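The values are calculated or read from the model by the stated rules, or taken from the named source; none is laboratory data. Everything numeric here is computed off the predicted structure, so don't read it as measured data. All Cβ positions, even for glycine, are placed from backbone atoms using ideal geometry, and neighbour counts span all protein chains on display. Just so you know, the surface numbers come from the protein's heavy atoms only, side chains and all, with ligands and any DNA or RNA stripped out. Shrake-Rupley method; radii C 1.70, N 1.55, O 1.52, S 1.80 Å.
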Amino acid sequence: MKIGFPRALFYFDYFPFWAGFFHRLNIEVVTSPATHRQIMEQGLKKASDETCLPLKLLAGHIQALKDVDAIFLPRMVSVEPDTYTCPKFLGIPESLFPAVPSGIPVLTVVLNWRKGKRQVLKDLQVFGRQLGKNKAEIRKAFTLGQEWQKRYQDSMGAGWDFEESIREIERAQKGLKDSASPPECGRGQGARTSTSAVSLKEQNTDRLRIALVGHSYLTQESYANLNLLGRLREKTEVQLVQHVSQEDVESHLLGLRKKLFWNHAKQIFGSGNKFVRDHEIDGIIYLSCFGCGTDSMVQELLAWKAREQHKPYMVVTLDEHSGEAGLVTRLEAFLDMVERRRVHEGYVSTYGERLDRDSNTL
Amino acid sequence: MKVTFPHMGNAWIVIQTLFESLNVEVVVPPTNSKRTLNLGTRLSPESACLPLKLNLGNYIEAADEGADTIVITGGIGPCRFGYYGEMERQILQSAGYNYDVVTLEPPNGSLLGLAKRIRYLAGTNNSWAQIIKALRFAYLKSVALDQVEDLIHAARPRLPNSMETEKIYEDAKKLLAQTMTVKGVQETVRWVKESIRESQEKVDTPSEGFNKPLRIGIIGEIYTILDPYTSLGLEEELGRLGVEVDRSIYLSGWVGNHVFQGLAPGYRSIKSYPGHAKPFLPHFVGGHGQETVGAAVKFAREGFDGIIQIFPLSCMPEIVAASVLPRVQEAYKVPIMTLIVDEHTGQAGMQTRLEAFVDLLERPRLQRGIGQTRGEVFGVGGR
């Protein structure tokens, strides 16, 4: 049996779990190709007008899955206790049925960690019955999935990027299980190998350090974000939400009077707040997309923090009409500003006027 | 302490009653207007949804009248509204308003915390028995309000003079806001019925020219449904076009479900909706997304001529519902129109779309050439 897994939305962050899960069940998982023009266009045609860019991309990726026996669209209600994912995640797969090519069945399962591990396992076992797998098999698959997910999450500290981690998983799927050493092959445009990146970091201490915060399905989606991550990496040292340890995220959430109840928002705000306070970080770029409900709140919360700490902060909002030139101009202007600030920060004019006196106020 | 709260249609009548019966000083903000929206929009995050912008406008206008404490309900997601209390507190603080925000929700799931907050609002002079009595009375009033509203929905396309109908509605709201006794509430409902009956008698036997009014179900996001300023008077406008409307959620239904956690059903309970929605959207999606789909199914089954979904721009649960609704439309062959409102929505655009939609619904009936009678107000509304 061949299951199609669209390379969008929950693919980023949660694919390792599902890859491990299906690997143990001996079910082949096929992912759609990286986003390209046609996928985006197909997605725009089939998805609802009002929805956000990531969901439109998902609709495109669903159509790009060819020659599969079924398409897998899990309903990821919650990935940790006391939180939800975005409401649009909860409406999957029903809201995407118009995009599914006729004749291909959709497999779905509810993943809800709010009710604890037992319930998750129970839901997966019900799902397993559809696949013709018994309870013991599902339990083993679940364990392997979690193991892979954990390994992927732990690896983030080492500065890998998502695609590299996934390649490692793909290799593991093929039976090459020695994952102790980090992967060596770099990937195309804008990528770097992790080993050289580490040494590069040590050599280049005067390079700007920019934090790129936002949903993983935007920051890692290099077609939709016009290769923002790659462009940033050419010029600066980039820190991502995924590079922040869970303890750091939690400790930087403590200042909130009311807990955030979206998992992604928690990650973004927690790590964003850490970046704001981190003197090593020269500036923060918040990557959002038009119509994102959770970002509309979190972006504002983070902007307040950035303003408090006088941290350069820019919001980039993506939609399907984003123009490359506009983005590049804004990015360059932002980096110039951060650079200039770094050079002139300590400058005090002899005649009483400081050059950058007002530039800190965002 | 002067308490204020955000507007949502007629909810102010109920909230005002609640606080007044507890002898808490309450400031009702001026009704939603262009000014409210402008004030609120200035402070809001750009992509926040319309209710947040109006809420902030309400608080600013209430601050001018001396309010210093805000009461708002909360929630723990996944709809954004759950975080609004905290968001609004911070926005107002950074804008220099000295407001205390009390969110009526169990903080971190602790009911004791909720009790403390209620106690803080009610002061020390009220016993718990008094608080519960006040809640019950306010609830009773909200049911009565909904009944009046439903009567007006049925009356608008049937009574000859639309100005008079609106007058009855306005007067009824005023009476309900003033009365503080159960008897007074019942009297008001009776008075509304009486006035409608009088008005109806003026139209003698149903003439042949009149057909049974079209029926349109209004579904969608609760704030936009309940608040006529936000929906640009959607219901009144449809009534003027000779359409009888019903809506998926009434205030007391929401109060019963959201505030009393389902202990009270409210006028037109929303409990049945998830069941109706099941074949199309089997899981809740936050807010009233699933209820919207369920209500659409229910209206379609009851033979409504059309359905209108309305929600504020970028509302997450309703977007999910909107992408499922085409399948409901297909399954039941009922036309569904989606209206999205934000601070730039114009009256004329709305009116044109409504007229076009009503024309579209009327066409098949004209072709069939049936002359049904209009039916009586009481046979339809206020049951």
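Averaging over all projection directions, find the projected area of the Cα convex hull of the range A:2-158 and quote it in nm² with one decimal place.
9.5
Do any residues of the range A:279-300 show a loss of at least 30 square angstrom of accessible area between the isolated chain and the full protein assembly, using a 1.4 Å probe, and if so which?
Residues losing area: A:GLY291, A:GLY293, A:SER296, A:MET297, A:GLU300.
Cα gyration tensor of the range A:204-344, axes a ≥ b ≥ c as square roots of the eigenvalues: rounded (a/c below 1.5), prolate (a/b > b/c) or oblate?
Oblate shape, in that a/c is at least 1.5 and b/c is the bigger or equal ratio.
Residue-wise, which Karplus ³J(HN,Hα) couplings in Hz belong to the range B:56-62, taking 6.51 cos²θ - 1.76 cosθ + 1.60, θ = phi - 60°, and x for glycine or proline?
Taking θ as phi minus 60°, the curve returns 4, x, 4, 5, 5, 5, 6 Hz for the range B:56-62.
Please give the average number of partner chain Cβ atoms lying within 10 Å of the Cβ of each residue in B:310-323, rounded to a whole number.
Shielding by partners across B:310-323 averages 6.
Hey, got the average number of other protein chain Cβ atoms within 10 angstrom for residues in A:88-100?
Average neighbour count from other chains, rounded to a whole number: 6.
When the accessible area of the protein assembly as shown is split by element with a 1.4 Å probe, what percent falls to carbon and sulfur?
That share works out to 51 percent.
Which ³J(HN,Hα) values, rounded to whole Hz and listed in residue order, are derived for the range A:148-153 from phi using the Karplus coefficients 6.51, -1.76 and 1.60 in 6.51 cos²θ - 1.76 cosθ + 1.60 with θ = phi - 60°, glycine and proline given as x?
Karplus-based 3J(HN,Hα) across the range A:148-153 equals 5, 4, 5, 4, 5, 5 Hz.
How do B:319-328, B:188-197, B:119-128 rank on mean C-beta neighbours within 10 Å, highest first?
In descending order of packing, they fall as B:319-328, B:188-197, B:119-128.
What residues in the range A:253-276 lose 50 Å² or more of accessible surface when the other protein chains are added to their chain alone (1.4 Å probe)?
A:ARG257, A:LYS258, A:PHE261
Over chain B, average the accessible area per residue using a 1.4 Å probe and give it in Å², no decimals.
Accessible area per residue, chain B: 43 Å².
Convert each backbone phi in the range B:78-90 into a coupling constant with the Karplus relation 6.51 cos²θ - 1.76 cosθ + 1.60 (shift: θ = phi - 60°), then list the ³J(HN,Hα) values in order as whole Hz, x for Gly and Pro.
Calculated HN-Hα couplings, in order: x, 6, 4, 3, x, 9, 4, x, 5, 4, 5, 4, 5 Hz.
What do the square roots of 5 times the Cα gyration tensor eigenvalues come to for the range B:204-380, in whole Å, largest first, as semi-axes of the equivalent ellipsoid?
Over the Cα atoms of the range B:204-380, the ellipsoid semi-axes are 27, 19, 17 Å.
Within 10 Å of each Cβ of B:38-46, how many other protein chain Cβ atoms are there on average?
2
How much area per residue is accessible in the range A:1-159 when the probe is 1.4 Å and only protein heavy atoms are counted (Å²)?
Using a 1.4 Å probe on heavy atoms only, each residue of the range A:1-159 averages 40 Å².
When the Kirkwood radius is taken over all Cα pairs of chain B, what Stokes-Einstein diffusion coefficient follows at 4 °C and 1.567 mPa s, in µm²/s?
Reported coefficient: 60 µm²/s.
Can you tell me the order of A:266-272, B:138-144, A:228-234 when each peptide is scored by its average per-residue count of other Cβ atoms within 10 angstrom, highest first?
Ranked from most to least packed, the peptides come out as A:266-272, B:138-144, A:228-234.
Hey, can you grab everything whose amide H is under 5 Å from the amide H of B:LEU339? Only 5+ residues off in sequence or another chain; H modelled, so Pro and N-termini drop out.
Result for B:LEU339 returns B:GLN309, B:ILE310, B:PHE311.
Mind grabbing the interface size between A and B? I mean buried accessible area, both sides, 1.4 Å probe, in Å² to the nearest hundred.
Separately minus together, A and B give about 3100 Å² buried.
Once amide H atoms are built 1.01 Å from N in the peptide plane, which residues 5 or more positions from B:THR4, or in another chain, come under 5 Å H to H?
Amide H neighbours of B:THR4, under 5 Å, 5+ apart: B:VAL27, B:ASP68, B:THR69, B:ILE70, B:VAL71.
For the range B:101-212, what size does the Cα cloud have along each of its three principal axes, sorted from largest down, in whole Å?
Taking max minus min along each principal axis of the Cα atoms, the range B:101-212 gives 63, 29, 19 Å.
Write down the Å³ per residue value for the convex hull defined by the alpha carbon atoms of the range A:38-97.
That works out to 85 Å³ per residue.
Taking amide H positions as placed 1.01 Å from N in the peptide plane, with prolines and chain starts having none, which residues 5 or more places from B:LEU214, or on another chain, fall under 5 Å of its amide H?
It is B:GLU244, by chain and number.
If you take the Cα atoms of the range B:3-126, find Rg, then find the Kirkwood Rh from the mean of 1/r over all pairs, what is Rg/Rh?
Using Cα coordinates only, the ratio equals 0.95.
Would you compute the Debye intensity of the protein assembly as shown from its alpha-carbon atoms alone, equal scatterers and no solvent, and pass along log10 I(q)/I(0) at q = 0.07, 0.11 Å⁻¹ to two decimals?
-0.56, -1.25
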